[in-house]
Amino acid sequence: GASGFTGKHVIREALKFLSAPFFPLKNFAIAGRNTSKLSQALQWASGTNSPPEIPILIADTTDPASLRHLASQTKIILNCVGPFRLYGEPVVEACVDSGCDYLDICGEPEFMERMEVKYHDKAVVNGSLVVSACGFDSIPAELGWMFNSRQWMPPAIFCKVEAYISLESDKKIVGNLGTYESAVLGVANADKLQELRRSRPKRPRPVIPGTFPNGLMVNHLKKVGLWAVKLPSADATVVRRTLSCLAEDSRGLPGVNESTEQIEKREAFWSTIKPARFGRWLLLNFPSVFSLGFFRKKGPTKDEVASATFKMWFVGQGFSDGSLASQGNRKPDMEIITRVMGPEIGYLTTPIILVQCALILLKERDNLPKGGVFPPGIVFGPTDLQDRLQQNGISFDVISKKTVYRNGSSLQF
């Protein structure tokens with residue numbers, strides 16, 4: 001899908017690392033259905049520079065043979081063709097059959113879980129690592145709650161985190177209709193997702209301390225002076241899948257050929273990550289997102305992309321001492337707020353994340369699982385992905401830490 005809206009931005013991001021010092025991206029190809037459109041996308045991504053001589057390959061999701069031939073020539077395929085429920089499975093199947101690794105930018109929970117059911121076992125055998133949601137959905141959410149979790153030092157315990165998203169721009173915020181179609185299909189197929197889950201053996205659930213009532217659908221976030229609405233998204237689903245993996249093995253996933261040093265590093269990382277209830281909210285500072293007016297067939301202009309940013313606050317709640325969590329219906333007495341912030345979500349942040357995940361796969365393949373279908377957090381959490389994102393314009397910050405005492409006073413630190 002290299003000639004699509006997101007695909008051409010992924011090309012532009014990848015070109016930054018082509019043959020760059022200290023990076024393993026020695027070569028790559030672009031693929032799609034139309035040679036002319038692919039050439040135009042490469043020209044656009046190259047800007048004022050002459051396009052590099054990289055292969056342009058023809059492949060079509062309706063032609064399985066072309067996809068198998070494509071997967072047989074490469075180590076990783078980055079799939080940008082959505083909606084994934086309609087077009088994603090043939091690419092996953094070709095990668096799994098070929099033992100090729102697969103990354104995509106999907107935000108459709110039913111697709112992701114269906115791929116796990118159908119292809120996980122074969123991917124393990126063939127050594128194909130299949131990881132969806134390697135874009136704004138859902139890496140900021142996964143790394144964001146992990147970053148918040150790591151701020152909770154014993155004897156304090158982490159129990160719940162709410163993520164609040166704000167999209168900001170001095171121009172109109174615009175998405176493309178492909179994104180809109182993916183979002184609509186994700187909601188429309190919620191019943192199929194529930195049916196899929198009922199058909200599967202129940203996975204282990206993490207034990208989360210404390211008692212938390214179900215929240216409202218609308219919430220006033222006093223800290224930033226805005227109202228928020230509960231946002232159906234892939235993030236909560238993806239985080240829960242990672243937590244289920246940790247419930248099965250709290251040490252994370254072993255790499256295919258890890259060194260003793262790497263094993264110790266991985267286990268030390270996961271020892272700092274604790275299970276927590278997760279919810280995602282959208283701050284109501286741009287109401288046009290709830291109408292089709294937010295989306296445009298041609299997508300946003302260059303200026304609209306350049307002016308847009310996102311901020312994602314993580315409000316973590318827990319107890320200053322773990323023993324307090326078992327004392328009846330006692331309310332949490334500690335709060336830590338962290339933030340992930342970066343550029344426009346669809347055409348800047350998503351390509352940054354996807355390309356960095358690909359670079360990690362190339363550089364650290366021995367430290368990652370041999371194969372299987374997994375959420376991104378369980379695969380990339382112990383890697384240097386957060387550091388890489390920070391070096392490429394996506395920041396992680398601690399905003400505040402607060403303990404609330406019984407008399408109502410609080411201590412900020």
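Please sort 117-123, 390-396 by packing, taking for each peptide the average over its residues of neighbouring beta carbons within 10 angstrom, highest first. Can you show the working numbers first?
Working: 117-123: 17.9, 390-396: 16.1.
Peptide ranking by packing, descending: 117-123, 390-396.
Can you tell me the order of 94-107, 155-168 when each peptide is scored by its average per-residue count of other Cβ atoms within 10 angstrom, highest first? Kindly include the intermediate steps, with their values, before the conclusion.
Working: 94-107: 25.1, 155-168: 20.6.
For the peptides 94-107, 155-168, the packing ranking is 94-107, 155-168.
Arranged from highest to lowest average of other beta-carbon atoms within 10 Å per residue, in what order do the peptides 75-82, 14-21 appear? Mind showing how you got there, number by number?
On the way: 75-82: 22.6, 14-21: 14.1.
Ranked from most to least packed, the peptides come out as 75-82, 14-21.
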- Item | Stokes-Einstein D in µm²/s, Kirkwood radius over Cα pairs - the range 1-123 at 20 °C with 1.002 mPa s viscosity | 143
- Message: With only alpha-carbon atoms in the gyration tensor, what are the semi-axes of the equivalent ellipsoid for the range 307-413, in Å, largest first?
- Response: 35, 20, 11
- Task: Between V229 and E168, with labels modelled 7 Å along Cα→Cβ, what's the label distance in nm to one decimal, could you check?
- Result: 2.2
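Determine the sum of side-chain charges near S259: Lys and Arg each +1, Asp and Glu each -1, restricted to other residues whose C-beta is under 10 angstrom from that of S259. Don't skip to the end; give the middle numbers.
Values: positive: K265; negative: E258, E261, E264, D366.
Taking every other residue near S259 into account, the sum is -3.
If each residue of separation counts as 0.36 nm, what is the full-extension length gain between I58 and K118 once their alpha-carbon separation is subtracted? Display every interim value, and only then the final one.
Numbers: separation 60, 0.36 × 60 = 21.60 nm, distance 2.64 nm.
Length gained, I58 through K118: 19.0 nm.
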- Once you treat every alpha carbon in the range 66-147 as an equal point and sum by Debye, what is log10 I(q)/I(0) at q = 0.11, 0.20, 0.26 Å⁻¹? -0.27, -0.85, -1.26
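Using 0.36 nm per residue, how much length does the chain from L362 to Q391 gain when fully extended, once their Cα-Cα distance is taken away? Spell out each step's value before the answer.
Details: separation 29, 0.36 × 29 = 10.44 nm, distance 1.83 nm.
Once the chain is fully extended between L362 and Q391, it gains 8.6 nm.
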- Message: So for the range 334-401, averaging the separation of alpha carbon pairs under 8 Å that are six or more residues apart and normalising by length, what relative contact order in percent results?
- Response: 67
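Give me the extension gain from S400 to S259: residue separation times 0.36 nm, minus the current Cα-Cα distance, reported in nm with one decimal. Before the final figure, lay out the partial values.
Values: separation 141, 0.36 × 141 = 50.76 nm, distance 3.72 nm.
Working it through step by step, the gained length comes to 47.0 nm.
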- Item | q = 0.22, 0.29 Å⁻¹, the range 333-396: log10 I(q)/I(0) [Debye, one scatterer per Cα] | -0.97, -1.32
- Sorting K230, K26 by accessible area (1.4 Å probe), largest first, what list results? K26, K230
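The values are calculated or read from the model by the stated rules, or taken from the named source; none is laboratory data. For clarity, every value in this text was computed on a predicted model and none was experimentally measured. Using ideal geometry, Cβ is built from the backbone for each residue, glycine included, and neighbour counts are taken over all protein chains shown. Side chains included, ligands, DNA and RNA excluded: accessible areas come from the protein's heavy atoms. Shrake-Rupley method; radii C 1.70, N 1.55, O 1.52, S 1.80 Å.
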